[in-house]
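Every number here is computed from the coordinates shown, using simple stated rules; none is lab data. All of these numbers come straight from a predicted model, not from anything done at the bench. Positions of Cβ are backbone-derived with ideal geometry, glycine not excepted, and every protein chain shown enters the neighbour counts.
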Amino acid sequence: MKPLQDVLIIDLSQYLSGPCCTLKLADLGARVIKVEKPETGDSCRSMYISNVNMNGESSIFRAINRNKESFCADLKNDLDKKKVQQLISKADALVHNFRPGVIQRLGLDYDSVKDLNPNIVYCEISGYGTEGPWKKKPGQDLLIQAISGVTTLSGNANKGPVPLGLAMADMLSGGHLAQGILAGLVQKGKTGKGCKVSVNMLESMLDLQFETVTTFYHDGGQPTQRTESNNAHAYLGAPYGIYETSNGFLSLAMGAIPKLGELLDCPDLLEYQEFNSWYDQRDEIKQKLANHLKTNTTEHWLSILEPADIWCADVMNWERLFEHDGFKVLDMLQTVEMSDNYKYQTTRCPIKIDGKVIKNTKGSPFLGENNNSITAEFL
């Protein structure tokens with residue numbers, strides 16, 4: 001039995017943030033009924049991040065909506081809306097990510113839903129919250145990253161802002177919403193009362209930066225400064241970064257510079273004996289280290305550094321990673337199957353319960369696939 005078995009989630013969200021949240025809940029055993037508009041459904045069905053078509057729709061939809069049910073309903077149609085309201089009346093939680101104001105026009109705001117189901121955990125996710133000058137801006141991942149300041153932390157100092165190569169704001173805020181829902185369900189279990197859980201993508205991205213934001217406010221007002229080369233953290237000193245070798249790349253975390261000089265047979269590093277110099281002179285240290293590491297292979301440097309307990313690692317691409325025993329032992333992939341027997345491989349839930357891996361075999365649903373069964377069961 002999975003932890004959230006018998007928990008019913010009505011999911012009105014689309015694209016990434018909300019569906020990412022309900023995916024995490026579905027992985028843990030919750031039943032997620034995804035309410036989609038007729039004909040087109042969740043816009044993510046046709047939102048391609050590459051030219052990969054999986055059984056007629058986008059790979060991103062297939063990945064983020066596995067293990068869910070699809071119920072077609074037009075929320076602007078009174079008859080369809082009443083059907084959704086009936087579902088909501090029997091649900092443990094409701095999730096939506098409409099822009100501020102839209103949910104009120106649909107008559108599914110928190111106060112209205114509480115009248116249908118007083119004990120529901122009502123959950124909303126937005127780009128910037130419901131107040132302030134940005135509340136109506138589109139909650140799109142790249143735009144959120146740009147505003148949040150996170151793009152000023154990656155890349156070298158002379159290369160301009162660098163966004164993260166993933167929809168981090170969507171996925172992180174979805175994770176935060178799932179965390180809030182679980183807290184709401186615990187409270188409901190203790191008190192019998194539901195609650196309203198709100199998350200916005202900008203706050204999630206700010207929370208991601210809690211270490212650096214805290215440092216900024218206690219650093220005498222010093223501006224955030226990335227290193228000129230091999231930057232991997234705007235605040236950490238040398239050697240923290242990724243370095244090119246003669247046949248690949250090597251990542252180096254924290255470590256004493258003189259010790260590195262001895263291990264790597266790099267005399268230029270021995271002069272930096274003072275801890276503060278690893279910060280104050282990190283640009284020149286990194287440049288000397290970078291020049292030296294290019295003279296031999298990644299494997300050579302790892303054979304020296306790893307036995308000496310220096311924090312370092314090879315820099316892999318997916319092809320090399322997936323072939324490595326270190327990846328295979330994780331058992332991080334699963335094969336799921338759609339109702340027409342189409343199968344695809346994707347990642348599994350990263351959480352273990354009592355040491356057991358959580359997997360699900362159910363793929364993403366076709367649009368409206370479960371209308372008949374849901375109608376027979378609930379309506």
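Tabulated data
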item	result
DSSP-defined beta bridges in the chain - what % are antiparallel, rounded to 5	40 percent
Per-residue HN-Hα couplings for region 101-116 [Karplus 6.51, -1.76, 1.60; θ = phi - 60°; Hz; x = Gly/Pro]	x, 5, 5, 5, 5, 7, x, 10, 6, 4, 4, 5, 5, 4, 5, 7
Calculated SAXS-style log₁₀ I(q)/I(0) at q = 0.15, 0.21 Å⁻¹ - region 27-131, Debye, Cα scatterers	-0.73, -1.28
Long-range HN-HN contacts of TYR243 with modeled amide H, under 5 Å	LEU250, SER251, LEU252
Net +/- balance of residues flanking GLU57 in space, Cβ distance below 11 Å, scoring K and R +1, D and E -1	+1
Along the chain, longest interval not containing exposed GluC sites (Glu not before Pro), exposed being DSSP loop plus at most 10 other Cβ atoms within 10 Å	132-379
Space enclosed by the convex hull of the alpha-carbon atoms of region 242-317, per residue, Å³	82 Å³
P(r) histogram, all alpha-carbon pairs of region 300-379 included - 10 Å bins from 0, percent	14, 26, 27, 18, 9, 5, 2
Cα-based Rg and Dmax for region 210-263, where Dmax is the largest Cα-Cα distance (Å)	13.6, 42
Region 89-104 and region 29-81: distance between their alpha carbon centers, rounded to Å	16 Å
For SER173, net neighbour charge (Lys/Arg +1, Asp/Glu -1) across residues whose Cβ lies under 10 Å away	-4
Helical mean residue ellipticity (222 nm; -39500 (n - 2.57) per DSSP H run of 4+; nearest 500) of the chain	-10000 deg cm²/dmol
Only Lys, Arg (+1) and Asp, Glu (-1) charged, at Cβ; region 217-330 dipole about Cα centre in debye	220 debye
Isotropic mean projected area of the C-alpha convex hull, region 195-284 (nm²)	9.1 nm²
Most fluctuating residue given options LEU270, LEU333, LEU208, as computed from a GNM of the chain linking Cα atoms under 10 Å	LEU270
Residue-count net charge about ASP11 - beta-carbon cut-off 11 Å; Lys, Arg +1, Asp, Glu -1	0
In degrees, nearest ten, helix 17-27 long axis to first principal axis of the chain (Cα)	80 degrees
Loop trypsin sites (Lys or Arg not before Pro), region 271-366, which have at most 15 other Cβ atoms in a 10 Å radius of their Cβ (DSSP)	LYS294, LYS359
Rg/Rh for the chain, where both radii come from Cα atoms and Rh is the Kirkwood radius	1.05
Whole-Å distance, taken between Cα centres, linking region 169-241 and region 276-340	25 Å
Per-residue ³J(HN,Hα) for region 253-259, Karplus 6.51 cos²θ - 1.76 cosθ + 1.60, θ = phi - 60°, Hz, x for Gly and Pro	8, 5, x, 6, 4, x, 5
Rounded tilt (10° steps) of 168-191 against the dominant C-alpha axis of the chain	50 degrees
